[in-house]
């Protein structure tokens, strides 16, 4: 009589997949935070250290663009942090449920 795989192994792998996704999410969030911080420093340097009389239109546009990019990155960080918190709560919930049934 042939055996068919049960749904149980997939259910067992699901919490691991979510935990792995959470780890990847945390790493991506940290990376984006770092980029946003560096971009903020670059923006500050460009904005404060280039004299008005030397500033060309391209430099002014670059300064404005770095400010826009920094804001977008910071917004993305907020979204990623919210998703990370949700994933963390789900992982904890599933681990608690799994330990109760084990």
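Give the residues of region 70-102 that are touching a residue at least 24 places away in the same chain (Cβ under 8 Å) and closer than 18 Å to residue 30 by Cβ, sorted by residue number.
Hits for region 70-102 are 70, 73, 74, 76, 77, 80, 81, 83, 84, 87, 88, 91.
Please find, among 81, 75, the residue that is modelled with pLDDT of 75 or more, exposed (fewer than 12 other Cβ atoms within 10 Å of the Cβ) and under 13 Å from the mean Cα position of the chain (by Cα).
75
The values are calculated or read from the model by the stated rules, or taken from the named source; none is laboratory data. Just so it is clear, the model here is predicted, and its values are computed rather than measured. Positions of Cβ are backbone-derived with ideal geometry, glycine not excepted, and every protein chain shown enters the neighbour counts.
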